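The values are calculated or read from the model by the stated rules, or taken from the named source; none is laboratory data. Source: prediction; values computed, not measured. Ideal geometry is used to build each Cβ from the backbone, glycine not excepted, and the neighbour counts take in all protein chains shown. When the accessible area is computed, the model is the full protein with side chains, heavy atoms only, and any ligands, DNA or RNA have been set aside. Shrake-Rupley method; radii C 1.70, N 1.55, O 1.52, S 1.80 Å.
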Amino acid sequence: MAVDLSTRLGPLTLANPVLVASGTFGFGMEMSRVADVRKLGAVVMKSLTVKPRSGNPPPRIVETPAGMLNAIGLENPGIDGFLRTILPQARNLGVPLVANIAGSTVEDYVTLAGRLTREATGGIVAIEMNVSCPNVGAKGLHFGVSPELLKGLVAAVRAETKLPLVVKLSPNVTDVVEVAKAALAGGADALTLINTLLGMAVDVKTRRPKLANITGGLSGPAVKPVALRMVHQVWQATKAPIIGLGGIATADDALEFIIAGASAVSVGTWNFVEPTAAAELPEKMAARAAELGISRLSELVGTLNLA
Ligand SMILES: Cc1cc2nc3c(=O)[nH]c(=O)nc-3n(C[C@H](O)[C@H](O)[C@H](O)COP(=O)(O)O)c2cc1C
């Protein structure tokens with residue numbers, strides 16, 4: 001049975017629902033040497049900031065049981081470097097590109113969204129906002145933990161771009177539904193859930209934190225149950241288009257997210273374990289859906305059996 005994998009995220013239609021997560025796939029060119037990136041629904045690129053950033057000092061990655069901690073610190077070439085040298089190469093990959101933006105002020109996000117909209121014409125299909133960043137104007141409070149801050153931020157970016165706008169939520173909150181509603185009220189077309197969970201690891205011999213930054217973001221299979229729970233809660237409360245991610249490695253992992261309410265999924269940490277896994281996932285999901293008697297994957301979205 002041929003399975004229709006196409007999916008819609010608000011105004012954005014993708015040939016299949018498998019994306020790769022920001023920060024785990026570079027800008028696409030790096031991984032195109034080992035994997036057939038054209039088989040992906042889209043590549044979500046590394047977070048961009050206004051100015052180039054070299055990131056945090058090492059060590060900035062630690063392996064944990066069933067996952068990893070990272071404190072990369074948004075290393076990226078900045079918007080000028082992206083537009084000048086990276087985008088011209090990435091747009092030849094033959095896969096839809098989603099730009100991911102990050103900042104420490106509303107102005108940063110507005111500048112990035114405006115420049116991408118005006119200067120990356122035809123190169124990108126959507127903008128994803130990474131809001132797990134401290135807001136310098138609010139004493140370092142992360143945009144993504146305050147519904148009020150987030151709504152204002154998203155509304156300001158919304159006014160700057162007509163590109164599909166996706167807001168990537170932080171799981172480090174008490175009530176993810178409240179934050180999701182604020183992002184939608186600000187004008188988000190879709191939501192991405194989840195970014196990394198704040199964590200840390202200690203070296204018992206030296207008593208030092210294993211990350212130079214002390215804390216970092218936990219990702220990988222360890223976080224999948226948390227991510228699924230959040231996708232489920234947000235879908236039930238909003239019925240908004242969701243990109244689900246957190247520990248996805250297999251077709252069944254991806255289908256769990258779709259059943260819980262995601263219209264698309266992203267592979268993150270697993271790209272480091274098996275760099276070809278994401279590109280192979282659409283075919284594997286189609287095969288699994290056929291086994292389950294599903295001919296259109298979109299029919300499965302949010303069909304969690306709660307009876
Ligand atoms: C090494 C690394 C770097 C990341 N960098 C970014 C980033 O720049 N921007 C962003 O929005 N998320 C970033 N993330 C978070 C991932 O995109 C994803 O939300 C998270 O890792 C959960 O998915 P996973 O368990 O499949 O990795 C990063 C994750 C890792 C592991």
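Some observations on this one:
- The portion of the accessible surface of region 138-297 made up by carbon and sulfur, rounded to a whole percent, is 56 (1.4 Å probe; DNA, RNA and ligands excluded).
- All-pairs alpha carbon distance profile, the chain, 20 Å steps from 0, percent: 35, 60, 5
- Counting all C-alpha pairs of region 183-307, share separated by more than 27 Å (%): 27 percent
- Sparsely packed loop sites in region 145-193 (the trypsin sites (Lys or Arg not before Pro) outside DSSP H, G, I, E and B with at most 11 other Cβ atoms within 10 Å) comprise LYS162.
- The alpha carbon radius of gyration of region 167-208, expressed as a multiple of 2.2 N^0.38 Å, is 1.72.
- Cα centre as origin, Lys/Arg/Asp/Glu Cβ charges: the chain dipole, Debye: 580 debye
- Surface per residue (accessible, 1.4 Å probe) for region 1-121, Å²: 44 Å²
- Here region 79-158 is treated as an ellipsoid with the same Cα gyration tensor; its semi-axes, largest first and in whole Å, are 26, 12, 11.
- Region 1-100, accessible surface, carbon-and-sulfur percent (1.4 angstrom probe): 54 percent
- Here the contact order of the chain, divided by its residue count and restricted to Cα pairs under 8 Å and six or more residues apart, works out to 22 percent.
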